[in-house]
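The structure appears right after this line, and notes come after that.
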Amino acid sequence: MSSGHRYEAVGDGNIGVDAQVIPPAQDPTNADDSIGYETSIPIHPKILAPLCYVLPVAGGLVIILLERRNTYVRLHAWQSVIMSLIIGICLTLLFWVPLIPYLIHLLSVFAFIVCAYRAWRDADTLTFFKLGVVGDFAERQVLGSTVLPF
């Protein structure tokens, strides 16, 4: 069911696929609901999508398990979890190299802040900000393509 909105991915692997848009639950003239997309969790998508990046692994996993209706929120939840796991693996493997863990932490904090900001800013237009291969993998998880990236 489409209401004129399109799902648009920006970043590496830019593809435009129709979004799974849920029609508004309330009257569209109601100023309290600026986006109008229903979620399984009773939190507005403009708040729920950036929330995935606040507590990266835990927040993302909880949202993946509870949210079943909003594709935009699920994409950000998957991207947050995948990015967190990659950062954790890199920190585990490179903990012994001087200064590398600090650099990884600094870059990861910056990446999470940018992703949270873009999730909040782009919620009105359903533009999913992708972080390269991580975003592509998250997109495959939500949109139902092959699970493995190769």
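Can you tell me how many residues within the range 68-104 are within 12 Å of the chain's Cα centre (by Cα) and over 20 Å from residue 114 (Cβ atoms)?
Residues in the range 68-104 being within 12 Å of the chain's Cα centre (by Cα) and over 20 Å from residue 114 (Cβ atoms): 2 in total.
Any idea which of 51, 65, 75, 61 is touching an Asp or Glu at 6+ places or on another chain (Cβ under 8 Å), closer than 23 Å to residue 143 by Cβ and either open to solvent by 20 Å² or more (accessible area, probe 1.4 Å) or assigned to a helix (DSSP H, G or I) (or both)?
Values: 51 fails: touching an Asp or Glu at 6+ places or on another chain (Cβ under 8 Å); 65 fails: touching an Asp or Glu at 6+ places or on another chain (Cβ under 8 Å); 61 fails: touching an Asp or Glu at 6+ places or on another chain (Cβ under 8 Å).
Exactly one residue qualifies, and that residue is 75.
So which of 118, 140 ends up being under 13 Å from residue 53 (Cβ atoms) and out of contact with any helix residue (DSSP H, G or I) (no Cβ under 6 Å at 6 or more places or on another chain)?
Every option except 118 fails the conditions.
Quick one: how many residues across the range 11-42 are among the β-branched types (Val, Ile, Thr), loosely packed, with under 15 Cβ neighbours inside 10 Å and at pLDDT 50 or above?
Residues in the range 11-42 being among the β-branched types (Val, Ile, Thr), loosely packed, with under 15 Cβ neighbours inside 10 Å and at pLDDT 50 or above: 0 in total.
Report yes if some residue within the range 128-139 is at pLDDT below 85, more than 11 Å from the chain's Cα centre (by Cα) and either within 21 Å of residue 47 (Cβ to Cβ) or open to solvent by 20 Å² or more (accessible area, probe 1.4 Å) (or both); otherwise report no.
Within the range 128-139, not a single residue is at pLDDT below 85, more than 11 Å from the chain's Cα centre (by Cα) and either within 21 Å of residue 47 (Cβ to Cβ) or open to solvent by 20 Å² or more (accessible area, probe 1.4 Å) (or both).
From (1) part of a helix (DSSP H, G or I); (2) more than 23 Å from residue 39 (Cα to Cα), pick out the condition that doesn't hold for residue 97.
Result: residue 97 fails condition (1) only.
Just wondering, is there one or more residues in the range 115-125 that are open to solvent by 40 Å² or more (accessible area, probe 1.4 Å), over 18 Å from residue 88 (Cβ atoms) and in contact with a Lys or Arg (Cβ under 7 Å, 6 or more places away or on another chain)? Please lay out each step first, then the result.
We begin by selecting, within the range 115-125, every residue open to solvent by 40 Å² or more (accessible area, probe 1.4 Å); these are 117-118, 120-121, 124-125.
This time we only want the ones that are over 18 Å from residue 88 (Cβ atoms), so: 117-118, 120-121, 124-125.
Narrowing further to those that are in contact with a Lys or Arg (Cβ under 7 Å, 6 or more places away or on another chain): 120.
Yes, the range 115-125 has at least one match.
The values are calculated or read from the model by the stated rules, or taken from the named source; none is laboratory data. These numbers come from a predicted model, not from an experiment. Virtual Cβ from ideal backbone geometry, glycine too; neighbours counted across all protein chains shown. Just so you know, the surface numbers come from the protein's heavy atoms only, side chains and all, with ligands and any DNA or RNA stripped out. Shrake-Rupley method; radii C 1.70, N 1.55, O 1.52, S 1.80 Å.
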